[in-house]
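Asks: Quick one: the structure is below, questions incoming.
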Amino acid sequence: MSKLFDQLKAGCQSDWQNYTQHAFVEQLAVGALSQACFRHYLLQDYLFLLHFARAFGLAVFKSNQEEDIRFALGACESIVNTELKLHISYCQEWGISQDDLVNLPESTSNMAYTRYVLERGLAGDLLELYVALAPCVVGYAETAAWAQQLRDSSDHATDTYKSWIDMYISEDYKGFATAFKDQINSMGDGLSERRRAELVSVFSAATRLEIDFWQMGLDLS
């Protein structure tokens, strides 16, 4: 039987490609993306990270084994103590202040995605929560790798968004994405085909919501 994460991706191949190779990312890769679109994405991504920290906090609660608690807590602490700080600092480079972030209205695309993840975590078990989180955690590593390939093959790429790509092709982020995928695979051992099909449905929905999140940025142009 295939690894669970491979089955999740195989169950929504078209949506997965549309997500990890979205036009937003394609334009970002070569520096052609409107700066207004990118700023809007950055603002909303701050709120996104807050809700994902909450989701990993929920994962701590949903965990029964010590090693599962440690994994979820480590992810939550990484978002709160590292990713959010880096994001705030990065936003400042784009002229976005802390007040801008605190007083930001949340987009409907952001609401739909983050609340779906939290709802799946509340209604389901720990694995279902992780499957809902997986398109973001693992997908960003794949997305950034594709963006870097586009940069390398382009004769006209600029460095406007290079630092964003660098964040997600870093060894630290790739290591976290791999560990998260391994966690899902280890939890998927012994599942029935019916349960796996249910998880494919959750993963597919979250992937489509990721597509909407990219599109949210483009729709500003």
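Throughout, read-outs are computed from the coordinates displayed, never taken from laboratory work. Bear in mind that the values here come from a model prediction, so they are computed numbers and not experimental data. Note that each Cβ is placed from the backbone with ideal geometry, even for glycine, and that neighbours are counted across all protein chains shown.
Asks: Given points 7 Å out from each Cα along the Cα-Cβ axis, report the Arg70 to Met1 separation in nanometres with one decimal.
Replies: Taking the simple label geometry, Arg70 and Met1 are separated by 2.7 nm.
Asks: For the range 34-218, what is the number of Lys pairs with C-alpha distance below 24 angstrom, counting only pairs 8 or more positions apart or on separate chains? Before the final figure, lay out the partial values.
Replies: On the way: Lys62/Lys181; Lys85/Lys162; Lys85/Lys174; Lys162/Lys174.
Lysine pairs, 8 or more places apart or on different chains, close enough: 4.
Asks: List residues of the range 83-105, by number, whose backbone nitrogen lies under 11 Å from a label position 7 Å along Cα→C-beta of Asp172.
Replies: 83-87
Asks: At Val102 and Glu26, where each label point lies 7 Å from the Cα along Cα→Cβ, what is the point-to-point distance in nanometres?
Replies: 4.1
Asks: Based only on Cα atoms, what Rg/Rh ratio does the chain have, Rh being taken as Kirkwood's radius? Provide the component values of the computation, followed by the final result.
Replies: Values: Rg = 17.1 Å, Rh = 17.9 Å.
Rg/Rh: 0.96.
Asks: Just add up the charged neighbours of Tyr46: K/R +1, D/E -1, any other residue whose Cβ is under 15 Å from the Cβ of Tyr46. Present the calculation step by step, with values, prior to reporting the outcome.
Replies: On the way: positive: Arg39, Arg54, Lys85; negative: Asp45, Glu83, Glu93, Asp99, Asp100, Glu106.
Within the 15 Å Cβ shell, the charges total -3.
Asks: Next question, about the same structure. Picking from Thr82, Gln92, Cys12, whose Cα lies most toward the positive end of the charge dipole for the chain (charges on Cβ: Lys, Arg +1; Asp, Glu -1)?
Replies: Of the listed residues, the answer is Cys12.
Asks: How far apart, in nanometres, would the label points at Ala36 and Ser192 be if each is projected 7 angstrom from Cα along the Cα-to-Cβ direction?
Replies: That separation, rounded to one decimal, is 5.3 nm.
Asks: Would you calculate a helix-derived [θ] at 222 nm for the chain, using -39,500 (n - 2.57) for each DSSP H run of n ≥ 4 and dividing by the full residue count, to the nearest 500? Please report the intermediate quantities before stating the final value.
Replies: Details: 12 runs with 174 residues, N = 221.
Computed ellipticity for the chain at 222 nm equals -25500 deg cm²/dmol.
Asks: A further question follows. Under a 10 Å cutoff between Cα atoms, tell me which one of Gln21, Gln92, Gln44 has the largest fluctuation in the Gaussian network model of the chain.
Replies: The residue with the greatest mean-square fluctuation here is Gln92.
Asks: Expected output is a single nm value to one decimal: the length gained when fully extending between Gln148 and Lys85, i.e. 0.36 nm times separation in residues minus the C-alpha distance. What is it? Present the calculation step by step, with values, prior to reporting the outcome.
Replies: Working: separation 63, 0.36 × 63 = 22.68 nm, distance 2.41 nm.
So the chain would gain 20.3 nm between Gln148 and Lys85.
Asks: Taking the convex hull of the alpha carbon atoms in the range 102-221, what volume per residue do you get, in Å³? Kindly include the intermediate steps, with their values, before the conclusion.
Replies: On the way: hull volume 17.5 nm³, N = 120.
Expressed per residue, the convex hull around the Cα atoms of the range 102-221 is 146 Å³.
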